[in-house]
1. Take the stretch 120-145 and flag every residue that is farther than 20 Å from Arg213 by Cα and at pLDDT 95 or above.
2. Consider Gly12 against the criteria (1) over 14 Å from the mean Cα position of the chain (by Cα); (2) open to solvent by 10 Å² or more (accessible area, probe 1.4 Å): it satisfies all of them except one. Which criterion is unmet?
3. Among the residues of the stretch 153-169, are any in contact with a strand residue (DSSP E or B) (Cβ under 9 Å, 6 or more places away or on another chain), more than 21 Å from Ala5 (Cβ to Cβ) and of a type in the set (Ser, Thr, Tyr)?
4. Taking the stretch 26-55 only, how many residues are part of a loop (DSSP other than H, G, I, E, B), modelled with pLDDT of 95 or more and open to solvent by 20 Å² or more (accessible area, probe 1.4 Å)?
5. Check off (1) surrounded by 14 or more Cβ atoms within 10 Å (Cβ to Cβ); (2) within 29 Å of Gly77 (Cβ to Cβ) for Thr142 and give me the number that stays unchecked.
6. Only residues that are within 16 Å of Glu132 (Cβ to Cβ) and either surrounded by fewer than 13 Cβ atoms within 10 Å (Cβ to Cβ) or at pLDDT below 95 (or both): list them for the stretch 164-184, please.
7. Which condition number does Met60 fail, the rest of (1) surrounded by 18 or more Cβ atoms within 10 Å (Cβ to Cβ); (2) not in a loop (DSSP other than H, G, I, E, B) being met?
8. Counting only residues that are outside any helix (DSSP H, G or I) and open to solvent by 40 Å² or more (accessible area, probe 1.4 Å), which one in the stretch 69-93 is modelled with the highest pLDDT?
Amino acid sequence: MSTIAIVGAGPGLGLAIARVFGREGFSVALISRTQSRLDELARTLRDEGIEARGFAGDVMDRDSLTAALAAAKKIFGSIDVLEFSPAPHAPVPGVEMVGALDLTVDSMAPQLEFYLYSAITAVREVLPEMLERDSGTLLFTTGGGSISPIPMMGNINAASAALRNWAINLNGALADTGVHAAYVAINLLIDSGPEKASAAAIAPLYWTAHEARDTPEYVYALEAD
């Protein structure tokens with residue numbers, strides 16, 4: 001059975017992606033900071049007939065993230081799809097939004113750790129085995145500010161743009177292998193705000209990215225009337 005590891009798993013988009021892949025026969029490894037919340041999500045999925053388990057790992061602690069992915073591989077045997085979409089729905093110490101005019105090296109560094117360095121850490125844990133098998137998918141998600149930045153989100157947008165750049169570059173570097181990398185920019189609020197879409201509506205895009213493997217980038221936005 002194939003396995004998807006979802007880094008940044010929560011009750012919104014992460015759970016929705018887990019359901020999409022689970023219904024296609026995938027096992028699901030859920031990774032985020034809090035084990036009790038992961039256990040609750042895993043129970044929800046198991047009640048729906050999807051094999052799932054939670055592994056506590058913090059994207060701000062590289063060793064913790066590596067250990068969570070290693071534990072998932074020990075249980076499920078391999079990671080066939082990595083979906084990386086951490087989002088600070090609850091306060092993360094040291095990770096605060098700073099506008100473009102007020103950006104400093106000190107306020108930029110935690111965002112790079114949160115988005116870019118943790119993504120690199122996760123990929124280094126799963127990519128070697130994907131290359132050995134000559135198959136696998138790497139999916140990365142941030143907001144649309146990585147493409148069209150918003151002044152008040154100066155540090156967040158810069159860090160997510162760095163992740164976008166690397167993900168697309170990674171796609172090119174993997175072109176002659178059986179591993180595919182793609183980036184998803186979600187240019188709206190999920191389940192809230194005037195421009196919104198449900199997590200359930202967005203999640204099938206990830207299956208499309210995994211199956212189609214024909215583009216390095218997707219942008220999910222509301223269509224104009």
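The values are calculated or read from the model by the stated rules, or taken from the named source; none is laboratory data. Computed from a prediction, not measured in an experiment: that's the story for all the values here. We place every Cβ from the backbone using ideal geometry, glycine too, and count neighbours over all the protein chains shown. With ligands, DNA and RNA removed, areas are computed over all heavy atoms of the protein, side chains included. Shrake-Rupley method; radii C 1.70, N 1.55, O 1.52, S 1.80 Å.
1. Our first condition is that a residue be farther than 20 Å from Arg213 by Cα; within the stretch 120-145, this holds for 120-122, 124-125, 143-145.
Result: Ile120, Thr121, Ala122, Arg124, Glu125.
2. Failed condition: (1).
3. No, the stretch 153-169 has no match at all.
4. Filtering the stretch 26-55 down to residues part of a loop (DSSP other than H, G, I, E, B) leaves 26, 33-34, 48-51.
Next, only the ones that are modelled with pLDDT of 95 or more stay: 26, 48-51.
Right, trim to open to solvent by 20 Å² or more (accessible area, probe 1.4 Å) and you get 48-49, 51.
Residues meeting the conditions: 3.
5. Single failed check for Thr142: (2).
6. Across the stretch 164-184, the qualifying residue is only Asp176.
7. Looking at each condition in turn, Met60 falls short on (2).
8. Our first condition is that a residue be outside any helix (DSSP H, G or I); within the stretch 69-93, this holds for 77-93.
From what is left, the residues that are open to solvent by 40 Å² or more (accessible area, probe 1.4 Å) are 77, 87-89, 91, 93.
On the way: Gly77: 94, Ala87: 80, Pro88: 64, His89: 54, Pro91: 56, Pro93: 65.
Among them, the one singled out is Gly77.
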